[in-house]
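Structure first, commentary second.
The values are calculated or read from the model by the stated rules, or taken from the named source; none is laboratory data. The structure displayed is predicted, hence computed values, not measured ones. Glycine also receives a Cβ, built like all others from the backbone with ideal geometry; neighbour counts cover every protein chain displayed. The protein model used for the area step is the full one, side chains on, heavy atoms only, and it has no ligands, DNA or RNA in it. Shrake-Rupley method; radii C 1.70, N 1.55, O 1.52, S 1.80 Å.
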Amino acid sequence: MSEPVKRRTQAGCVVASSRTSAFRHSPIAKALSLCGVLSMLMLASTPLQAASEEGNNFSVMSAKAQHSLLLDVASVGKRLVTVGDRGHILTSDDNGASWLQAKVPTKQMLTAVFFVDDSHGWAVGHDAQILASTDGGATWVKQFEDLEREEGAPFLDVWFKDRNNGYVVGAYGALLETTDGGASWADIGERMGNEDLFHLNAIVEVKDSGLFVVGEQGVMFRSPDWGQTWETLEGPYEGSLFGALGTDEAGALLVYGLRGHLFRSADFGSTWQAISLNNANNDPLEFGLADGNRLADGSIVVVGHGGTVLKSTDNGRTFSVTNRADRLSLAGVAAMENGNLILVGQGGVHAAAPTGADLGQQQ
């Protein structure tokens with residue numbers, strides 16, 4: 001472990017971080033393994049459209065932003081907030097019928113968004129950036145940026161316990177903590193014991209249990225004391241895991257990743273059960289799974305490649321499987337007040353029936 005070094009946040013606050021002297025993955029391996037779901041979705045990205053704004057540090061305002069690549073979406077009270085390519089952040093106050101693009105202080109791809117209440121939220125992305133909002137996503141400020149991280153390595157997920165205490169995870173084992181709402185961030189990766197610096201793709205809360213992190217090559221870590229100490233677990237799968245999701249049951253969670261692999265644990269990750277997923281032809285699902293959400297009615301929705309939408313009404317024990325006709329890859333999901341879904345990914349925002357099917361083609 002290297003000695004801590006000091007870094008400054010965008011606001012000038014000094015934070016501690018640590019950096020190992022060398023990475024143990026080859027450049028080719030790193031390029032292939034870094035968030036396969038995100039890298040595949042990025043193929044849909046197109047060049048910036050407004051050359052006149054190239055010189056500033058804000059995302060380009062575009063009438064087509066809601067149709068661009070989007071990677072996550074969150075319900076914020078009655079508002080929807082979605083983030084994605086070129087620093088785009090959009091909000092909707094009418095169940096996704098119309099979208100307003102926010103002025104955002106970055107052009108870098110944003111990978112995840114999390115709100116702890118109807119006002120306070122954070123978004124993370126490439127160039128190790130962390131953005132914050134105190135007005136439900138209408139306006140944003142940059143809290144943190146680290147251009148010295150390996151190859152512009154992105155942050156990939158964010159979770160907050162309350163307005164002050166939160167965590168960010170990302171590429172090459174990144175684990176950062178704040179105890180002051182993001183005014184300062186400390187690099188605490190050494191707590192996890194992730195010596196191989198595997199990419200950390202998701203961090204989630206597990207009811208009445210603690211925090212859970214999954215990542216590259218099936219790595220799993222859990223923290224029963226909400227981030228102060230971490231335990232490495234033996235997982236059920238050696239392929240990369242792109243997401244995790246707690247259920248409404250204490251100690252229960254789902255993890256998912258490549259080629260339709262989805263597993264459920266009822267004991268905070270000590271043991272696992274593989275969940276069988278079959279398509280309409282009763283063939284095993286082969287598409288990668290990218291993200292999921294627990295909806296207000298207690299149902300669980302998981303989305304992924306090939307227009308895959310999985311839905312469970314029994315806390316993740318069984319799932320229905322829908323593959324949307326457009327087959328566009330999906331990266332995030334949220335629910336509207338009427339029970340319909342908002343899906344984001346390739347092609348931007350998509351409104352869908354509760355099953356994930358196109359509206360008008362409900363199954």
Subject >> Area accessible to solvent at Lys142, 1.4 Å probe radius, in Å² >> reply: 40
Original post:
Tell me, what ³J(HN,Hα) does each residue in region 219-234 have, in order and in whole Hz, if you take phi through Karplus 6.51 cos²θ - 1.76 cosθ + 1.60 with θ = phi - 60° and put x for Gly and Pro?
Top reply: 5, 9, 9, 10, 9, x, 10, 6, x, 7, 9, 10, 10, 7, 10, 8
Original post:
Which FRET efficiency value, to the nearest 0.05, do you get for Asn57 and Ser119 by plugging their Cβ-Cβ distance into 1/(1 + (r/R0)^6) with R0 = 22 Å?
Top reply: 0.35
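Using only the heavy atoms of the protein chains and a 1.4 Å probe, how would Asp196, Asp297 rank by accessible area, largest first?
Details: Asp196 50, Asp297 120 Å².
The most accessible residue leads, giving Asp297, Asp196.
Can you list the trypsin sites (Lys or Arg not before Pro) in region 163-213 that are in a DSSP coil and have 15 or fewer other beta carbons within 10 angstrom? Mind showing how you got there, number by number?
Working: sites: Arg163, Arg191, Lys207; in loops: Arg163, Lys207.
Qualifying residues, ordered by number: Arg163, Lys207.
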**OP:** Mind checking region 136-178 for GluC sites (Glu not before Pro) that DSSP puts in a loop (not H, G, I, E or B) and that have at most 16 other Cβ atoms within 10 Å?
**Re:** Glu148
Subject >> Karplus-derived 3J(HN,Hα), 6.51/-1.76/1.60, for each residue of region 306-318, Hz, glycine and proline x >> reply: x, x, 6, 10, 10, 9, 10, 10, 10, 6, x, 6, 9
Original post:
Where a ≥ b ≥ c are the square roots of the eigenvalues of the C-alpha gyration tensor, would you call region 259-337 rounded, which needs a/c under 1.5, or, failing that, prolate if a/b is larger than b/c, or oblate?
Top reply: oblate
Subject >> Amide proton proximity set for Ala244, modelled H, under 5 Å, gap of 5+ >> reply: none
**OP:** Step through the residues of region 108-114 one at a time and calculate ³J(HN,Hα) from phi using the Karplus curve (6.51 cos²θ - 1.76 cosθ + 1.60, θ = phi - 60°), rounding each to whole Hz and writing x for Gly and Pro.
**Re:** 7, 4, 9, 9, 7, 9, 8
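How many Å² of accessible area per residue for region 158-287, probe 1.4 Å? Don't skip to the answer; put the middle values down first.
Details: 5000 Å² over 130 residues.
Result: 38 Å² per residue.
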Original post:
Ignoring ligands and nucleic acids, what accessible area does Trp99 show with a 1.4 Å probe (Å², nearest 10)?
Top reply: 40
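Ranked from the most accessible area to the least, with a 1.4 Å probe and all protein chains present, what is the order of Ser223, Ser184, Ser75, Ser276?
Details: Ser223 0, Ser184 35, Ser75 65, Ser276 90 Å².
If we order Ser223, Ser184, Ser75, Ser276 from most to least accessible, we get Ser276, Ser75, Ser184, Ser223.
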Subject >> Cα shape, region 116-250, gyration tensor, a/c 1.5 rule >> reply: oblate
